[in-house]
Each structure stands twice: as structure tokens, then as C-alpha cells.
Amino acid sequence: MNPYNWQSHSPRILIPRADVGRVARLLHHNGSAVVMGGRGMGKSVFLGQVKAELEGDPGTRVVLVEGPPAVLTVKACLGLLAETLEVAASAYTFRRIFDAYFSRDDAPERLVLLFDEFDRYAEKGAPSSQPPGRGFFNDLEASRRSVERLGLLAVGSIGVFIFRDVLGSSFLSRALHLRLRPFERADVEVLAGPFRDRGTPLADDTLDALFLATGGIPALLTCGLQRLWELDGPAIPADVTAVFKTFEVEHELYLRDLLGALTDPRLSDAPLRVWKRIEEEPGRIPRSELEDALGEPSGVLKLNLTDALHPLEAVGVVRLESSAPHDNPIIAHPIASLLNLPRSHELADDLRGDFLDGLTALLARLHRSSADFFRPAQSSDPSGKRLVPESVFAAHLALGFELLGWRSEREAQRGAGRTDLLLRRNGEAGVAIVEVKLWGRNDYLEAHRQVESYWTDDVAAGAVVQLTDADLPDWPERYRRECLEPIGGKIEDVAVGNSPCRARFACLSSTADGVEVRVDHFLLRLPRRTGNQPPSRP
């Protein structure tokens, strides 16, 4: 049986969340909290973990309210609460409900109420003097303060701001506010435990590719593991690409909803504007520049800069290294994932030009999220962090090209082995090939000759991507001297413009059969922390 089901709120493998204990202690002392998380970030699972933590205390009863009633009125909300607490009352009020509940012989010392789907309480209900969700939670907060045996926790996403800015909420004004963040690379290994248990452990490069495709978002990780579990043989990084190019088609609405909190101008376009600014030049960003990107309030939500940053973090598209709301500069980076890959670019007239434009755009995105492409340092490895293998970079570029409308294939080229990437543009017979190399590793000096060996009559473009994390002042000169000049062909310097690439060359040579080959070479340094380099705006 497949141990993964990304559409379930009851995962078999639980990853501990650091804030579970903190929230549980707060609720145990009759406090209140609101947790924000994007779709698929594990809000319902977080509620379950808090519930399990609190249920270890025999004096505490924890009750989960999974969502509001079908017809949203204060009376219906009170009725649902009374029914959930198994309290009978002729006229529902908070006072009667809690008096009846705590007067029972088996009443606990304290009651903790967990509310899932908090956003739905912000929806319009039947006509009334005030929005039902607002009235319900404000009265519930008043009861919490007076009863002194009651803890409250609600989880939601952008609806938190609707309560605050549109409805008004005394509940929110006193509650502790926290955000769920994506899982880390080490968490992916834990999630993949069942593969190891059945004797088919996922290799490190496959785990790397999965982490980088999903950005650590729990639902996307679970979906990827669910699909990889069904494969007949051992999974490789290219299988991760295949999973998520299919996911993009089959679950387009899920991805649209996931990003909806950031892109709906009726609510606010402030998160989207700030997100775009972070993408342009990540790292250490002066607060004033993000304030300028924020602009004037728009939509129904009146978000300041901190408000705009929090949904970006909760959805899982931006990683913040700033903690205080008034930090200056703010340190922010896009998280490597399919959510941060481009979906379109201006279509060039010819296949080669379109291929090179797409590759340039993808390398710029890779550079912006460069810190994610390092494996965490291991205690057994004194060298510290290292770049992920070439196969992982190839899988990520393949996914990027898929989202740009290309089709990636992995097939033998004239019996010469396997090229890293073989790409076809929709409706065209010609192909483009890419070889990815890490400077100083394996056969990096032979990259051009390898592309030559893959060249067939239908190849319209070829490229070599050379990557390094080392700061090599003379790298372009060394590359030209060690990798290109021995070929004996014509070498052209190509301007890099606003690209983060250190250098770019076009090298013309001939195959053993006399076929002329033109290969574009891209040299890209990936810093361990973006933003400490001279700024570039690719």
C-alpha cells in the first residue's frame, strides 16, 4: 500500500514543527493563537500535532472544529459549537454553552478549541447587523477572557487579514501570530523513510531534485513521493521532472489557488509587487526599496510591508532571514521551486534563439535561489556545504523548460550515451541539447566534445552550462584556455548583458563527420548566499 496520499490531512509520517510545543503551552494556560500557512503547508496537520501534544494532559480536553456551518450565521456557528461539545441548549449563547459544558460531572479543568478553515469564517453570510464570523469570534474571545478555562487556536491564510482589515477582530488583536514555513532538506529524508524501509531508498540526488522542485511545501513533497512510490524501478532526478510537469497540467487549479493569496488584486496586490522586487535582486535589500515596491494600499486589505512579507513566507515562495518587523536591510531570497520558475517569455523567431533566451532566464532564476542548491554540511564532511550533483541541476532546468512550453526527453544520442537534456519545442522537429557540468569535477573539460558527440541532423542548438561556487577571478580566461582553445575551432565572446553569468562563449567546431557545430557555453557562479555579490538584475 502506498504510504503517501497528498490529498489527505492524516499523513503516516509526521515532521515535528518547532512551534507545536510553544502553542500547546500557550493554550494550556488559556491563551489564543492564530497560525498562517499557505495551501498545502500543513495547517490541518499542525492542528493535529497540537491536539496530540495537549491530549497528554488528562485535565485538558481538545475539540477540533473542522470548519464553519454551511450557512454562515452567528446562530449556526453557536449551534455547531454546542453540537461539537455535546451540549444541548434551547437558545444558544456562549454563556449557556460554556456554563452547561463546565457544569457536567466529567468536565475537564480546561477546554481548548481548534478551528480549521479560519478563512471561511470571513465569508459573507446571511444579512445581519455585523459579519457573522466577526461576531462569533469576537464573542468567543470575550468568553475566553471571562471563562479563564478556555484556549483558542485558529489556522488560515489571507483570511486572517480580511478579519483584521475588513471585519475587525478583538480575537486577532490579542492572539499570538505564527507562520508555517516549508520543510527543510533534512525533513525530506525523514519523509522518504518508507522507501528505505521497503529496500528501495531514494538516492541523495533524487531527494535533492524533489526538494528543489517542491520548495519544501509539504503537500507538493507528499505528492511527489506518492508518484515516485508507484514507479517500477529506482527513482532518479529525471523522474521528479516527469512527476511535476504532469502535476502542473493535472492540478493547475491547486497551484492557482495556492498563489491566489498573493495575486488577487481585489484583496491586495502588495504581496505580488514585493515578491517581484525580491526576485529582481534578492539578498540584503534596503527596507526603503521594498517600501517603494509596496506602493500605495490597493484592494480591500491595507497591508504594510511586514503584512506583505508574511504571506510570501507562509505560501512558501520567499525565505526571510529577518525576524524583527523593522529590520533594515531585510534579507530575503526566492525559494527554489516550480512556483518560482518562469511560465513564459517572449517567443523568439527561431528555435535556437528561443532556446538560448529560455536558458538565460532559467540560469538567472537558479542564481537568485542559489543557496538552495547546496547540500547541508554533514558532521562527517569537513568541507562543509557542497553543490548538488549535475543530475539535479539538469532535472531542475528540465522542469523549467517544461514550464516554458518545451518538452524534455532523455534518450540515447547516436549511441554516445545520454545527454543531460534533450529539448523539443512544441510543433517543431528540431531539438536543442544541454550538457551541465560542475567546474573541477568529473569530465568537465570534455563538455564541448560531449555535445559534439550527441549532434545529429535534427539538432538546432547546443549549450554547455558550467557551474561553480568558487570565486575564481580568472575563470573566463581559464575556461577559454583549458576547455575551448584545445578544440581548435572559432571562439566568440558573447555579451552577458544583465545576466548573472560570469561569461558566455560561442564555440564553432566540426564533428568527425564534418558537420559544423555551434555550442554556446555559459559560466555561472552560484554563491552560497545571494546578495553578497555586486548586484545584477537579470
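The values are calculated or read from the model by the stated rules, or taken from the named source; none is laboratory data. Being a predicted model, the structure only gives us computed values, none of them experimental. Positions of Cβ are generated from backbone atoms using ideal geometry, with glycine treated the same way; all protein chains shown enter the neighbour counts. What goes into the accessible areas is simple: the full protein's heavy atoms, side chains included, and nothing from ligands, DNA or RNA. Shrake-Rupley method; radii C 1.70, N 1.55, O 1.52, S 1.80 Å.
Below 28 Å, Cα to Cα, which lysines can Lys437 reach? Residues fewer than 8 away in the same chain don't count. Answer for Lys437, where 28 Å is the Cα cut-off: Lys245, Lys385, Lys490, listed by chain and number.
Once neighbouring chains are kept in place and the probe is 1.4 Å, which whole percent of the accessible area of segment 1-90 is contributed by carbon and sulfur? That share works out to 51 percent. Label separation (Ala107 vs Glu86): 1.6 nm, computed from points 7 Å beyond Cα along the C-beta direction. Dipole orientation for the chain: of the candidates Phe161, Val434, Phe102, Phe102 has the Cα lying most toward the positive pole (charges on Cβ; Lys, Arg +1; Asp, Glu -1).
As a size descriptor, the averaged projected area of the C-alpha convex hull of segment 13-140 was calculated at 8.8 nm².
Counting 0.36 nm for each residue step from Asp257 to Ala377 and taking away their Cα separation leaves a gain of 39.7 nm.
At a probe radius of 1.4 angstrom, the accessible area of the chain per residue rounds to 44 square angstrom. Quick check: net charge around Ala33, other residues with Cβ under 11 Å of its Cβ, Lys/Arg +1 and Asp/Glu -1? It works out to a net charge of +2. For segment 63-78, the Karplus equation 6.51 cos²θ - 1.76 cosθ + 1.60, evaluated at θ = phi - 60°, returns couplings of 10, 9, 9, 6, x, x, x, 4, 9, 8, 9, 4, 4, 5, 5, 5 Hz by residue, with Gly and Pro reported as x.
Stretching the chain fully between Asp99 and Thr306 yields a gain of 70.5 nm (0.36 nm per residue, less the alpha carbon separation). Summarising the label geometry, the points placed 7 Å from Cα in the beta-carbon direction at Glu148 and Arg287 lie 3.9 nm from one another. Note on segment 246-289: with neighbouring protein chains present and a 1.4 Å probe, carbon and sulfur make up 53 percent of its accessible heavy-atom surface. Close amide H partners of Leu267, meaning residues 5 or more places away or on another chain with modelled amide H under 5 Å apart, are Val300. One decimal place: the segment Leu64-Arg120 gains 18.6 nm when fully extended, by the rule 0.36 nm per residue minus the C-alpha distance.
A Förster radius of 56 Å combined with the Cβ-Cβ distance from Arg266 to Asp469 puts the calculated FRET efficiency at roughly 0.85. Applied to segment 444-449, the Karplus parametrisation 6.51 cos²θ - 1.76 cosθ + 1.60 on θ = phi - 60° returns per-residue 3J(HN,Hα) values of 4, 6, 9, 4, 4, 4 Hz, with x for Gly and Pro.
Under the criterion of Cα pairs below 8 Å and six or more residues apart, the relative contact order for segment 290-346 equals 23 percent. With a ≥ b ≥ c taken as the square roots of the eigenvalues of the C-alpha gyration tensor of segment 147-187, please select rounded if a/c is under 1.5 and otherwise prolate if a/b is larger than b/c or oblate if it is not? Because a/c hits 1.5 or more and a/b fails to exceed b/c, segment 147-187 counts as oblate.
Considering only Ala395, Ala219, Asn328, the residue lying farthest towards the positive end of the dipole of the chain is Asn328, judged by Cα position with unit charges set on Cβ.
Our summary gives the chain a relative contact order of 12 percent, counting only alpha carbon pairs under 8 angstrom and 6 or more residues apart.
Spin-label model, His177 to Ala52: label points 7 Å out along the Cα-to-beta-carbon direction sit 3.0 nm apart. On the basis of the beta-carbon distance and an R0 of 56 Å, Arg196 and Glu346 show a calculated FRET efficiency of 0.80. Taking the accessible area of segment 175-245, probe 1.4 Å, and keeping the other protein chains in place, the carbon and sulfur fraction comes to 52%.
Helical content alone sets the calculated 222 nm signal of the chain at -11000 deg cm²/dmol, taking -39,500 (n - 2.57) per DSSP H segment of four or more residues and averaging over every residue. May I ask for the Rg/Rh ratio of the chain, computed from Cα atoms with Rh as the Kirkwood radius, given to two decimals? Ratio value, two decimals: 1.05.
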